[in-house]
Amino acid sequence: MSTATFQIWRGERGSGKFVDYTTEYEAGMVVLDVVHRIQAAQANDMAVRWNCKAGKCGSCSAEINGKPRLMCMTRLNQLDLTQAVTVEPMKTFPHVKDLVTDVSWNYEVKKKIQKFTPRKPDAPDGTWRVQQADVDRPQEFRKCIECFLCQDVCHVLRDHNLHDKFIGPRFLIHTAQLEMNPIDAGDRLKALKDDYNIGYCNITKCCTKVCPEEIKITDNAIIPLKERVVDEFYDPLGGLFKVFR
Amino acid sequence: MADYPVHEYDVLVIGAGGAGLRAAIESSAAGAKTGVVTKSLLGKAHTVMAEGGMAAAMGNVDERDNWRVHFADTMRGGQYLNNCRMAELHAQEAPARVKELEAWGAIFDRTKDGRILQRNFGGHRYPRLAHVGDRTGLEMIRTLQDHGIHQGIEVHAEHTILTLLKDGGRCVGAFGYDREKGRFHLFHAKAVVLATGGIGRAFQVTSNSWEYTADGQALAYQAGAALLDMEFVQFHPTGMVWPPSVKGILVTEGVRGEGGVLRNKEGKRFMFDDIPENYRSQTADTPEEGWRYTQGDKSARRPPELLTRDHVARCINREVRAGRGSPHGGVFLDIAWIKEKLPNAAEHIKKKLPSMYHQFKQLADLDITQEPMEIGPTTHYMMGGVQVDGDTQMSAVPGLFAAGECAAGLHGANRLGGNSLSDLLVFGKRAGEYAAKFAKENSAGKINSAEVEAAAKRAVEPFERGAAGENPFAVQHELQEMMQKLVGIVRVENEMQDALSEIPKLQARAARAGIGGNREYNTGWHTALDLDNLLAISEIVAIAGIERKESRGAHFRDDYPDKSAEWGKYNLKITKGPDGKPSVERMPVCPLTDEMKKCIEEQK
């Protein structure tokens with residue numbers, strides 16, 4: 001058994017500091033195991049969120065050596081343990097305590113997005129006929145586990161603090177899955193332009209890089225949505241076509 | 001009474017997994033002001049971990065399927081200890097509940113003709129599980145969550161309930177705290193729905209998260225409701241066994257549904273060695289026939305890997321005990337072998353089982369399209385729970401309802417895979433409907449402030465003892481180790497008696513649990529407060545386990561290895577006796593109607 005040092009952010013509501021913890025570790029462990037071991041033996045009152053421990057619930061988001069990641073899916077053998085490993089809370093959301101942040105803004109944003117609105121069913125029993133090929137794309141977006149790491153890394157939110165204007169990558173893919181669902185009849189293009197401010201995204205793809213579900217957020221969701229907004233509102237030829245339609 | 005924030009509701013739902021959210025949606029749709037309390041953030045409950053799918057006899061893939069077959073399968077799987085009325089309602093109503101999810105935005109995998117695709121699963125005669133790859137639970141919880149927030153349900157995220165409040169015999173609310181600030185909250189409600197899930201944290205190797213500390217079962221028991229079938233704890237046959245830190249994490253039955261096979265270290269498919277008599281006529285004779293079944297050949301019968309979970313778990317246990325296990329104490333689950341049968345097997349596996357591929361790649365450095373997985377049994381599901389009326393889901397306490405895993409009845413002695421997600425929907429809806437009805441018919445009850453003050457006083461005691469008190473994490477770990485060893489997958493009388501004598505010692509230590517720091521997001525404090533429920537229910541599991549002197553379904557006793565016809569007539573019902581101790585009673589199983597008997601006969 002070997003030992004490693006972890007520097008974990010301790011403190012409440014913005015104030016705090018890294019505290020060093022040295023602990024033993026074994027092969028196959030992930031960062032969340034180490035945090036739990038420290039919590040059980042050295043720091044009973046340490047705040048950390050977790051649930052499934054298998055990369056499916058998106059609760060244990062944090063910044064490990066400065067990189068936004070899920071603690072449960074970061075294996076120790078991916079880290080340089082000859083140096084202290086830093087673990088700190090996500091920076092884009094208000095700090096609560098230790099590794100826990102207040103992510104409630106995300107839940108408020110979702111409420112503002114027009115809900116799923118089904119078209120008329122295809123069959124008399126109230127069901128729809130939809131081909132698998134037509135739902136592959138929205139299914140990709142529905143893999144999202146709402147860990148909010150993409151929100152954490154998005155510079156529009158992280159550096160420019162435009163939480164009141166921009167919905168962030170998580171909710172752009174949420175909007176995309178609704179827009180691309182063949183059963184949905186809603187239209188969110190105007191809202192994408194005016195309320196969700198998709199224009200703020202300048203496709204640096206940071207969100208795609210940190211997505212633990214490997215959803216191609218920028219290429220498969222944001223860019224196609226941007227194109228549709230452009231077609232709808234900024235295409236002079238298309239506008240003319242609509243007049244005569 | 002101190003000045004706690006008071007939240008007034010018609011219906012209060014405790015728990016925000018599939019059952020809780022479905023109940024809240026129904027109650028709110030019926031016009032009842034509905035609040036939901038959840039220990040975690042919204043959308044993180046254990047439902048999210050469900051992989052394989054939800055069972056509903058829609059007959060989209062095999063038109064021979066209908067509710068009668070589903071009913072018979074559920075009863076056979078439960079070894080006929082099920083509440084047959086619940087099994088009937090479940091089989092009849094599940095298809096409508098699944099279709100409803102699609103109308104709320106869920107996107108299921110499709111058949112070639114564009115309908116909802118269904119897959120094979122253990123104990124189900126026909127392909128019956130509506131699914132989305134191997135992340136069906138996520139699809140379900142997200143759909144309910146997104147539908148619910150647009151319907152005016154109020155969610156109290158990261159709140160824990162300490163006690164239910166009563167006015168005379170009736171449940172009139174609940175008292176608890178928010179995890180973030182550690183403040184107490186009073187929930188005043190005309191009806192309360194428990195949807196708190198299972199008890200997995202009582203065991204060491206479990207697929208359950210920290211939340212599953214038997215809260216609903218314990219709250220109901222303390223409030224005077226009866227518990228049923230508490231000896232039946234399901235050990236899922238396939239959990240990860242390596243690396244140690246992920247031991248217990250679930251590997252979906254879907255792997256076997258897609259053609260995965262179980263082998264011991266000698267490379268032998270040992271499941272063919274032991275096929276129970278009542279399943280023999282439905283089980284494949286050869287590996288070839290089993291393979292054809294998984295690929296949709298309607299003339300083939302299911303491979304023995306798809307027998308019920310209790311049986312598969314015991315066979316794996318037998319191989320390991322006989323020294324034929326894998327290097328880390330499990331057996332091999334092999335899906336990679338299908339490359340002998342399919343040209344593009346690796347891609348096919350990744351498409352059908354994406355999160356399993358991901359999970360093993362990331363956590364165990366193993367590519368399941370190339371190598372077999374090592375797996376072993378893991379504590380997964382509690383068949384027992386709060387005794388409820390099959391139609392309304394109301395417990396013996398008026399105004400107190402329960403649905404989903406924390407309620408008992410549907411699954412009897414063993415739950416079939418896929419019947420849990422459909423259970424959540426069918427009985428979540430019913431609980432919400434009847435709770436709203438109860439709230440309409442009854443005025444708000446009176447809060448007993450002495451009851452509230454006592455709970456508040458008790459809850460802050462760990463701070464008075466401070467960090468010098470017992471470490472709450474250590475007490476929990478010791479309980480888990482003890483239960484795993486003494487009341488686990490194979491049980492004997494004297495070991496369970498040992499467990500019963502250990503529990504009071506742990507209870508004494510839990511009463512001395514202490515914690516430093518303050519009340520803000522203090523996970524040590526939360527763990528200390530969860531101990532009471534976990535210990536009370538662990539004791540009841542052991543008591544029920546000792547009482548049932550036979551082996552049936554998930555309850556396997558080395559000292560009584562056979563099923564007894566006499567014991568097949570009873571469920572065990574446990575209530576809090578006048579002396580404050582659990583009192584056990586044999587309750588005759590729910591009688592089958594003639595129609596039900598016919599359904600079962602048809603499928604023999």
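Results, tabulated for the structure shown:
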item	result
Given (1) under 18 Å from the mean Cα position of the chain (by Cα); (2) in a loop (DSSP other than H, G, I, E, B), number of the condition B:Thr47 does not satisfy	(2)
Search result, residues across the stretch A:136-177 that are touching a Gly at 6+ places or on another chain (Cβ under 6 Å), of a type in the set (A, V, I, L, M) and part of a helix (DSSP H, G or I)	A:Leu157
Entirely in the stretch B:102-194, the strands (runs of 3 or more DSSP E) that have 3 or more residues that are modelled with pLDDT under 95	none
The stretch B:356-373, residues that are under 17 Å from B:Arg256 (Cβ atoms) and within 12 Å of chain A (Cβ to nearest Cβ)	B:Met356, B:Tyr357, B:Gln359, B:Phe360
Inter-residue pairs, beta-carbon under 8 Å, first without any contact (Cβ under 8 Å) to a residue 40 or more places away in the chain and in the stretch B:101-128, second small (Gly, Ala, Ser) and crowded, with 21+ Cβ neighbours inside 10 Å, 6+ apart	B:Phe108/B:Ala130; B:Asp109/B:Gly133
Criterion: within 30 Å of B:Thr136 (Cβ to Cβ) and either at pLDDT below 95 or surrounded by fewer than 24 Cβ atoms within 10 Å (Cβ to Cβ) (or both) - qualifying residue of B:Asp391, B:Asp423	B:Asp391
Residue in the stretch B:256-274 that is surrounded by the most Cβ atoms within 10 Å (Cβ to Cβ), counting only those that are touching a strand residue (DSSP E or B) at 6+ places or on another chain (Cβ under 7 Å) and at pLDDT 95 or above	B:Gly260
Subset of the stretch A:129-144 that is facing another protein chain (nearest Cβ under 7 Å) and among the hydrophobic types (A, V, I, L, M, F, W, C) - its residue that is nearest to A:Met71 (Cα to Cα)	A:Val135
Subset tally (residues that are among the basic types (Lys, Arg), within 14 Å of chain A (Cβ to nearest Cβ) and in contact (Cβ under 8 Å) with a residue 60 or more places away in the chain) for the stretch B:319-355	2
Residue that is at pLDDT 95 or above, part of a helix (DSSP H, G or I) and hydrophobic (A, V, I, L, M, F, W, C), where the choices are A:Ile223, A:Ile215	A:Ile223
Of the criteria (1) without any contact (Cβ under 8 Å) to a residue 12 or more places away in the chain; (2) on the phi < 0 side of the Ramachandran plot; (3) not β-branched (Val, Ile, Thr), which one A:Asn161 fails	(2)
Condition met for A:Val87 (crowded, with 21+ Cβ neighbours inside 10 Å, more than 30 Å from B:Asp134 (Cα to Cα), more than 11 Å from chain B (Cβ to nearest Cβ) and touching a residue at least 24 places away in the same chain (Cβ under 8 Å))	yes
Tally, over the stretch A:101-128, of residues that are under 23 Å from A:Thr218 (Cα atoms), more than 8 Å from every other protein chain (Cβ to nearest Cβ) and not in a loop (DSSP other than H, G, I, E, B)	5
Near pairs, Cβ below 7 angstrom, 6+ apart or cross-chain, from the stretch B:162-183 (within 14 Å of chain A (Cβ to nearest Cβ)) to any residue that is outside any loop (DSSP other than H, G, I, E, B)	B:Asp178/B:His159; B:Asp178/B:His185; B:Arg179/B:His159; B:Arg179/B:Thr160; B:Arg179/B:His526; B:Glu180/A:Val96; B:Arg183/B:Tyr177
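The values are calculated or read from the model by the stated rules, or taken from the named source; none is laboratory data. On a predicted model such as this, the values are computed, not experimentally measured, just so you know. Here Cβ is always computed from backbone atoms with ideal geometry, including for glycine, and neighbour counts include all displayed protein chains.
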